[in-house]
Amino acid sequence: MRTWLRVLLPTSFRDRYGDELMELLGESRHPLRDSVDLIFLAIRLNLENAMTGVFRWTGLGLILVGMFASGYATSDLGDGLAEMHRHWWSTAPVVGVLAGGLLLLASNRLRGRGARTTTAQG
Amino acid sequence: MNRDPQLLALVSLARGPRHGYAMQKDIEVEFGIHLGPGTLYGAIARLESRGLIRVTSAGARRRPYELTEDGRRELRERLAGLSSVVALGLSRLATQ
């Protein structure tokens, strides 16, 4: 379990503090609670990394366009969102919103070892 | 009780260089607060990136950290700020 917990951390943070973190986790008297604590750290660091660079602006732009287009498109539908699957033109903004969100979430992995983290090297 | 992990880490290191495990245990003993490894190392990473602490022995398996001069100054300022809040609060309570 510690292996996959370690993998959740951004690469540069893992390289810098991974060994110490895993040692602390290995000696924990509250392994479940401390594992959850580590997961929250991984989520925070990955979100911080995702909110930097070109991926942030691209992702945010896609989400804004997608939300605007979704609202514009669904306002014309008699049954609102329930009709979306019958209208091919309405799936494009939904895909745009989803693509923007996925781009933000995946940006840390895509940028790999160059990801900035809150470390002395960053 | 102030549970700010960064402040607790700075106070722990004020006694001298310590590695993460020792910091965790020190905080547990002195304050009765358990900092999980994620919380603790999140604080250590932020403090290190701000230049308030540094590693004293990079080659050691358990890397000890120590306060820098900026770290000592930051800790003094934060504790002074907390002290004034405590003093004011207690004086107001005394007058009630």
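General remarks:
- Across peptide B:39-49, the mean count of Cβ atoms from other chains lying within 10 Å of each residue's own Cβ comes to 6.
- Relative to the longest principal axis of the Cα atoms of chain B, helix B:20-31 runs at roughly 20 degrees.
- Take the Cβ atoms of B:Val86 and B:Arg15, set R0 to 25 Å, and the FRET efficiency comes out at 0.70.
- Degrees separating the helix B:37-49 axis from the principal Cα axis of chain B, which is the longest one: 90 degrees
- Mean Cα-pair separation over length for chain B, i.e. relative contact order, pairs under 8 Å, 6 or more apart, %: 29 percent
Taken together, the values in this text are just the output of simple stated rules run on the coordinates, not laboratory data. Bear in mind that the values here come from a model prediction, so they are computed numbers and not experimental data. Cβ sites come from the backbone with ideal geometry, for glycine too, and all protein chains shown count toward neighbours.
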